[in-house]
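To start, the structure itself, in structure tokens.
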Amino acid sequence: MAVEISARGEVLTAVLIGEIDHHSAFYIRKEIDSAIELNMPSLLILDFERVTFMDSSGIGLVMGRYKTIAKRCGEVHVVGAKPQIYKVMKLSGLERLVRLEKCS
Amino acid sequence: MENKNSFSMTVLSKSVNESFVRSVVSAFALGLDPTVEEISDIKTAVSEAVTNCIVHAYKDTIGKIYISCEIKDNVLSVKIRDRGVGIENIEQAMEPLFTTSDDERAGLGFAVMESFMDSIKVRSAVGKGTTVLLKKHISVRYANKKQR
């Protein structure tokens with residue numbers, strides 16, 4: 001599992017790569033949180049296009065980042081979710097909190 | 001001829017084993033010629049069950065997780081058992097969004113298992129452990145039928 005983070009202005013983009021489970025979420029969370037701390041973004045884009053597997057740990061990951069960003073009145077967008085990942089996200093009702101875009 | 005196969009294994013409750021167990025179980029399920037979606041469903045459900053053992057059953061310790069799988073006709077059964085703390089109130093534990101963990105868990109483990117598998121049975125005794133039995137019927141496709 002890896003995460004590539006880039007910041008441009010108020011937009012922070014995190015490209016997640018590999019499998020997200022309870023084991024790997026710990027590392028991803030740390031990486032993204034320190035980037036949020038540093039860049040204070042108003043928009044966090046979580047790019048799931050290169051995620052090959054995700055269980056409900058991924059939901060915890062998105063919800064946790066949403067809480068941090070929402071405190072600063074910012075937004076979270078989830079993009080590139082493949083069918084399996086989208087299915088887990090839909091089950092959680094995550095789309096009520098963040099903008100959810102399926103993989104095109 | 002009856003299509004029957006089984007395997008069992010034991011792993012330590014280390015988080016690195018989450019991906020190991022779901023990979024092994026899904027590889028075993030390939031014998032049923034599942035669709036990509038069915039395989040993802042199985043992987044996701046197994047990942048949730050194993051994570052529960054690690055996060056809840058053996059919260060501050062390392063214990064053994066016992067996995068046994070069986071294929072019978074077109075049904076995959078996966079039993080995941082621990083000898084951990086057990087669940088006091090199974091009904092409550094299975095409610096979506098309920099969690100006793102403060103570690104950013106969504107409380108969706110059982111909800112995922114329920115919706116991605118055909119059936120789930122949970123047995124638990126406080127101080128003794130928990131057994132989760134998951135079942136999924138894999139649809140017979142043409143290639144699969146022909147082989148038998």
Review point. Can you find even one residue in segment B:15-22 that is crowded, with 17+ Cβ neighbours inside 10 Å, closer than 21 Å to residue A:93 by Cβ and touching a helix residue (DSSP H, G or I) at 6+ places or on another chain (Cβ under 9 Å)?
Key: no
**Study point:** Subset tally (residues that are β-branched (Val, Ile, Thr), within 13 Å of chain A (Cβ to nearest Cβ) and open to solvent by 40 Å² or more (accessible area, probe 1.4 Å)) for segment B:46-73
**Key:** 0
Review point. Can you find a residue in segment A:54-74 that is in a strand (DSSP E or B) and open to solvent by 10 Å² or more (accessible area, probe 1.4 Å)?
Key: no
Practice item. For residues that are in contact with a strand residue (DSSP E or B) (Cβ under 8 Å, 6 or more places away or on another chain) and within 9 Å of chain A (Cβ to nearest Cβ), scanning just segment B:23-45, find the one that is most open to solvent (accessible area, probe 1.4 Å). Key: B:43
Review point. Can you name the residue in segment B:1-22 that is within 14 Å of chain A (Cβ to nearest Cβ) and hydrophobic (A, V, I, L, M, F, W, C) and is also farthest from residue B:68 (Cα to Cα) among such residues?
Key: B:16
Practice item. Within segment A:29-51, identify whether any single residue is open to solvent by 30 Å² or more (accessible area, probe 1.4 Å), within 13 Å of the chain's Cα centre (by Cα), within 11 Å of chain B (Cβ to nearest Cβ) and of a type outside the set (Asp, Glu), and answer yes or no. Key: yes
Review point. If you go through segment B:33-54 one residue at a time, do you hit one that is free of Cβ contacts under 8 Å to residues at least 40 places away in the same chain, closer than 18 Å to residue B:105 by Cα and basic (Lys, Arg)?
Key: no
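The values are calculated or read from the model by the stated rules, or taken from the named source; none is laboratory data. In this text the structure is predicted, and so the values were computed from the model without any measurement. Reconstructed Cβ throughout: ideal geometry from the backbone, glycine too, with neighbour counts over all protein chains shown. In case anyone asks, the SASA skips ligands and DNA or RNA and just uses the protein heavy atoms, side chains included. Shrake-Rupley method; radii C 1.70, N 1.55, O 1.52, S 1.80 Å.
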